[in-house]
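Below you'll find the structure, written out as structure tokens, and then a few comments.
All of the numbers you see were taken from the coordinates with simple rules; none came from a lab. Keep in mind that this is a model prediction, so the values were computed, not measured. In this analysis, Cβ positions are derived from the backbone assuming ideal geometry, glycine residues included, and neighbour counts consider all displayed protein chains.
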Amino acid sequence: MSGTAGNGFIYFEDLSEGMSASFSRTVTESDIVLFAGVSGDMNPVHLDAEYAEKTVFKGRIAHGMLSAAFISTVLGTKLPGPGTVYLAQSLKFKAPVRIGDTVTATCEVLSLDGEKKRATLRTVCTVGGKPVVEGEALVMVPARAAAAPKVAAA
């Protein structure tokens with residue numbers, strides 16, 4: 001990723017269209033079980049191998065929102081990064097993710113609204129180069145002036 005500010009933060013003023021960043025993670029059995037516990041989504045297609053074998057997927061699949069959570073990782077830690085506030089996210093689930101798949105979430109700046117300090121980013125999760133989740137995010141990004149410390153008058 002290019003355009004990173006020297007202190008590790010990317011402020012709105014540092015962003016430009018076309019900037020992108022990614023995060024990859026291999027989905028494990030523990031990820032699925034923990035996500036089910038945290039989210040409350042106990043759908044047997046995620047947790048019960050015998051049940052899942054009888055579905056269109058012919059086996060267990062990860063929660064779609066688990067992959068989508070990796071988009072949040074990019075937005076909150078890499079691009080734009082710390083201080084970013086999620087405002088909206090559209091998602092299209094294109095293909096299942098299975099235990100052992102490595103999901104790569106990539107976010108790319110599509111447009112910038114300087115007045116509101118907002119950025120629209122294309123969001124995509126892939127497995128082996130094939131899209132499994134696609135969408136678009138709208139985020140509010142901290143501005144450099146807003147992040148500067150206040151100096152008390154003498």
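Note down the net charge around K94, summing +1 for each Lys or Arg and -1 for each Asp or Glu among other residues with Cβ under 12 Å from its Cβ.
Within the 12 Å Cβ shell, the charges total +1.
Can you list which of the chymotrypsin sites (Phe, Trp or Tyr not before Pro) found in region 1-83 are DSSP loop residues with at most 14 other C-beta atoms within 10 Å?
Listed in order of number, the matching sites are F57.
Enumerate the calculated ³J(HN,Hα) couplings along region 125-141 in order (Karplus 6.51 cos²θ - 1.76 cosθ + 1.60, θ = phi - 60°), each rounded to whole Hz, writing x wherever the residue is Gly or Pro.
3J(HN,Hα) across region 125-141, in whole Hz: 10, 10, 10, x, x, 9, x, 10, 9, 10, x, 9, 10, 10, 10, 9, 10.
Taking 0.36 nm per residue of separation and subtracting the Cα-Cα distance, what length does fully extending L110 through F57 add?
In short, 15.7 nm is gained.
Using DSSP to define loop residues, name the GluC sites (Glu not before Pro) in region 68-143 whose beta-carbon has at most 11 other beta-carbon atoms within 10 Å.
Listed in order of number, the matching sites are E115.
So which lysines pass the test for K130, namely a Cα distance under 26 Å, with those fewer than 8 places away in the same chain ruled out?
Within the straight-line cut-off, K130 pairs with K54, K58, K78, K92, K94.
For region 24-138, with only Lys/Arg (+1) and Asp/Glu (-1) charged at the beta-carbon, what is the dipole magnitude about the Cα centre, in debye rounded to 20?
Around 280 debye, computed over region 24-138.
Have a look at G76, S39, A145 and report the one farthest towards the positive end of the charge dipole of the chain, computed about the Cα centre with Cβ charges (Lys/Arg +1, Asp/Glu -1).
Farthest towards the positive end: A145.
I need I10, I32 ordered by Cβ neighbour count within 10 Å, fewest first.
I32, I10
Put +1 on the Cβ of each Lys and Arg and -1 on the Cβ of each Asp and Glu in the chain; which of G59, V97, A21 then has its Cα farthest toward the positive end of the dipole?
A21
If you wrap the chain's Cα atoms in a convex hull and average its projection over all directions, what's the area in nm²?
Its average projected convex-hull area is 11.2 nm².
I'd like to compare 92-98, 37-43: which one has the highest average count of other Cβ atoms within 10 Å, and what's the full order after that?
Ranking the peptides 92-98, 37-43 by packing returns 92-98, 37-43.
To make sure I understand, if each residue's beta carbon is the centre and we count other beta carbons within 10 Å, what order do S67, S22 fall in, fewest to most?
S22, S67
Helix 64-77 versus the longest principal axis of the chain: what is the Cα-based angle in degrees, 0 to 90, to the nearest 10?
So the helix axis and the longest Cα principal axis differ by about 20 degrees.
Whole-Hz ³J(HN,Hα) for each residue in region 11-25, computed from phi via Karplus 6.51 cos²θ - 1.76 cosθ + 1.60 with θ = phi - 60°, x for glycine and proline: what do you get?
8, 3, 5, 8, 7, 8, 4, x, 4, 8, 8, 9, 9, 10, 8
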